[in-house]
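See below for the structure under consideration.
The values are calculated or read from the model by the stated rules, or taken from the named source; none is laboratory data. Computed from a predicted structure; not experimentally measured. Cβ: placed from backbone, ideal geometry, glycine included. Neighbour counts: every protein chain shown. Ligands, DNA and RNA are stripped out before the accessible areas are found, and what is left, the full protein with its side chains, is counted by its heavy atoms. Shrake-Rupley method; radii C 1.70, N 1.55, O 1.52, S 1.80 Å.
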Amino acid sequence: MMTATPEDSRSSGPSQQSVQFTVAKLDAGMVILLTEDHHLIEFPSLLLPKGVTAGSVVNISVNRNLEEEQHRRDEFWALQDEILDQFGKNPPRTPTLRVKSLTQSTCTLEWDPLVLNQASLRSLDVYKNGVKQGHPISSPYHTTQYKLSGLEIDHEFGFHIEIKTSAGTLRSNEVRARTHTLENLTGMNICFGVFESETALEECKKLVVEIGGQWTEEVGIETTHLLCHVQGGYNYEAALQQSIPIVKPEWLKACVEHKKLQAALPYYLVQPSNSGISSNPDTPGHD
């Protein structure tokens, strides 16, 4: 008779129980053991004493190591506490959305830089009246503005943004905004290209202020029109790239004279060859 026992280990609990088995078969690192009441079990042959063959009788005792169980349980909960401290106590912040500017057919939204803490950003989407707009924003972590175009004149819309992170999905507040009427010129954001004279340029700047609009030195996301006499220059090229209407100063004078936004197409510095281009008063920019 041979006794198979595991290596010495610290254990606690009731005294060990020993069960007697007859070796029925050894095969590929496993052994088939037969109990006295004719039950079969598989057992790793590596744990049996040397010299065991078919027909050998072995006693196997198994003990529960409560001390090791407690040690592993303590390690597990220590890891959970570490994960909670690192990732659970500082979740990402919900973004706050606001309207930066409005025109007759565009709305520029703005939000503060995202605060994600330990979470990672997966996507950022803009919604208009509950409908997602286009594809997720590229480079969303570095984006804080979004321009929607092609909106209906004098119409109210609801907007919100949604960010998906490794810590869950967060939805911003909803902002509501109404696009301007044709008579409301305060949404104009004019940039200037090359003028024939400084006097003409200054005159246009005064007219923009007179109608309640704004002008900027460089083309940006809020630019609605570029005014110039001559092609060329940094602002001209930027306006071309962003599909911003490039018009003659006479367009601005017509808006002031009629106290109403005028169609840009008749005043284009260079008339487009594509006859399908719209002549809506406020040509949309890129989303």
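Note on the range 12-114: Kirkwood hydrodynamic radius from all Cα pairs is 20.3 Å, rounded to one decimal.
When Lys50, Lys253, Lys259 are compared by accessible area of protein heavy atoms, the largest-first order is Lys50, Lys259, Lys253, using a 1.4 Å probe.
Of the solvent-accessible surface of the chain, computed with a 1.4 Å probe and all protein chains present, 50% belongs to carbon and sulfur. Rolling a 1.4 Å probe across the protein heavy atoms gives the chain an accessible surface of 60 Å² per residue.
Shape analysis of the range 83-134 yields a ratio of the Cα radius of gyration to the Kirkwood radius, Rg/Rh, of 1.11.
Based on alpha-carbon centroids, what's the gap between the range 153-184 and the range 220-245 in Å, whole number please? If you average the Cα positions of each part, the centres end up 27 Å apart. Residues within the reach of a label modelled at Gln242 (point 7 angstrom out along Cα to beta-carbon, backbone nitrogen below 19 Å), restricted to the range 116-160, are 137-140, 142-151. Once the C-beta distance of Gln118 and Ser45 is scaled by a Förster radius of 51 Å, the resulting FRET efficiency is 0.60 to the nearest 0.05. Fraction of C-alpha pairs exceeding 15 angstrom in the range 210-254: 41 percent, rounded to a whole number.
In the range 129-210, a dipole from Cβ-located charges (positive for Lys and Arg, negative for Asp and Glu) runs towards its positive end, and of Thr169, Val194, Leu151 it is Thr169 whose Cα lies farthest in that direction.
When percent of Cα pairs over 36 Å apart is calculated directly from the model, which label among (1) 38; (2) 22; (3) 50 fits? Label (3) holds the value from this structure.
Here r is the Cβ-Cβ distance between Tyr141 and Val209 and R0 is 45 Å; the resulting FRET efficiency, rounded to 0.05, is 0.75. Per the Cα gyration tensor, the range 135-287 maps to an equivalent ellipsoid with semi-axes of 31, 18, 15 Å, ordered largest to smallest. Accessible surface comparison of Phe21, Phe159, probe 1.4 Å, protein chains only, largest first: the order is Phe21, Phe159. Heavy-atom accessible area, probed at 1.4 angstrom with all protein chains present, ranks Met188, Met30 as Met30, Met188, highest first.
Only protein heavy atoms count here; under a 1.4 Å probe, Val131 has an accessible surface of about 90 Å². Ligands, DNA and RNA excluded, the heavy atoms of Thr165 present near 10 Å² of accessible surface to a 1.4 Å solvent probe. Kirkwood hydrodynamic radius computed over the range 92-173 comes to 13.2 Å, based on all pairs of distinct alpha carbons.
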